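Written out below as structure tokens is the structure these notes cover.
The values are calculated or read from the model by the stated rules, or taken from the named source; none is laboratory data. Bear in mind that the values here come from a model prediction, so they are computed numbers and not experimental data. Please note: Cβ atoms are built from the backbone with ideal geometry, for glycine as well, and neighbour counts cover all protein chains shown.
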Amino acid sequence: MDCEKHNGGENQVCNGNYEKPDKKVRDFTEDMALANHMSLIKHKIMVLSGKGGVGKSTVAVNVAVALAMEGKQVGILDVDFHGPSIPTLLHLEGKPVKAGDAGIEPVEFVEGIKVMSIGFFMPKQDRAVIWRGPMKINVIKQLLAEVDWGFLDYLVIDFPPGTGDEPLSVAQLIPGADGAIIVTTPQDLSLIDVRKSIDFCRQLKVPVLGVIENMSGLVCPHCGKVVDIFKRGGGEKMAGEMGVPFLSRIPIEPLIVEASDNGKPFIYHYGKTPAAKAFIKAVQPILAITP
């Protein structure tokens, strides 16, 4: 603390480093609440991508639903300020968020899935969030500290894209994360950024559970043949080069687009399709995590 004394040492003028006692108390209270709520969750799974537009939120939703269909208690946390897609993907836009005795209550979805998104607090879907980094980080911390998840087997966290302040803050605030799923598409432009996400995890000592290659070929709705629009196999090759597991290859499936636009989890409604089976394959290593 940098202070100057005046009037015989009775008064002090502080130059920018002084923290008010009430702020310290608030920070301590938030830290305790965050630790208490997170302690009731067995496994925290991060879903990351090096860049936007690779289907990260769609993967997060379907991984969470796949886990719930295995009889697990699951929550989804969406902390993407500039593209909170989870409410739209689950047809939960405009759902009211209520405060309970132990904190903010998540919105419940099918299979008992608990959902919380920054999007629930936005007044309008098309309203841009023009906040500086420190404000975003404070809101993220408050959201993590105040949401009452109860007991969960898995919390799937849909991260903002990239490796900047927001992903870093979320990763550092979540204690005991089990690891990250990295989502990519097959083309080189995406793979370059995904390598950065893997390095991001390694620098933060977060295990990489594996890579999912999304949009890996188009399944023709008429003949069932797969057309490699964005190439194929780039994610698997990159995972091998980086020494991380490869979880699954998700084809471009028109029914995924239809389900997402209608707010229906694809894997829940179209479980017999090749894409749904690919999602089921992707969650097997997650289910195998030791309690």
Looking only at the stretch 126-165, which residues are among the β-branched types (Val, Ile, Thr), outside any loop (DSSP other than H, G, I, E, B), farther than 21 Å from residue 49 by Cα and out of contact with any Leu (no Cβ under 8 Å at 6 or more places or on another chain)?
139
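Just checking, which of 200, 151 is in contact (Cβ under 8 Å) with a residue 60 or more places away in the chain and surrounded by fewer than 17 Cβ atoms within 10 Å (Cβ to Cβ)?
None of the other options fit; the residue is 151.
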Identify, from the list 56, 98, the residue that is buried (at least 21 other Cβ atoms within 10 Å of the Cβ) and basic (Lys, Arg).
56
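Hey, does the stretch 271-291 have a residue that's part of a helix (DSSP H, G or I) and modelled with pLDDT under 90?
Checked the stretch 271-291: at least one residue is part of a helix (DSSP H, G or I) and modelled with pLDDT under 90.
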Filtering the stretch 128-148 down to residues that are among the charged types (D, E, K, R) and in contact with an Asp or Glu (Cβ under 9 Å, 6 or more places away or on another chain), which residue is surrounded by the fewest Cβ atoms within 10 Å (Cβ to Cβ)?
146
Which number in (1) at pLDDT below 85; (2) part of a strand (DSSP E or B) marks the one condition that residue 221 misses?
(2)
Which one of these is surrounded by 13 or more Cβ atoms within 10 Å (Cβ to Cβ) and touching a Gly at 6+ places or on another chain (Cβ under 9 Å): 219, 208, 283?
208
Considering only residues of the stretch 166-188 that are free of Cβ contacts under 8 Å to residues at least 60 places away in the same chain and outside any loop (DSSP other than H, G, I, E, B), which is surrounded by the most Cβ atoms within 10 Å (Cβ to Cβ)?
169
Just to be sure I understand, how many residues within the stretch 176-195 are modelled with pLDDT under 90 and of a type outside the set (Ser, Thr, Tyr)?
10
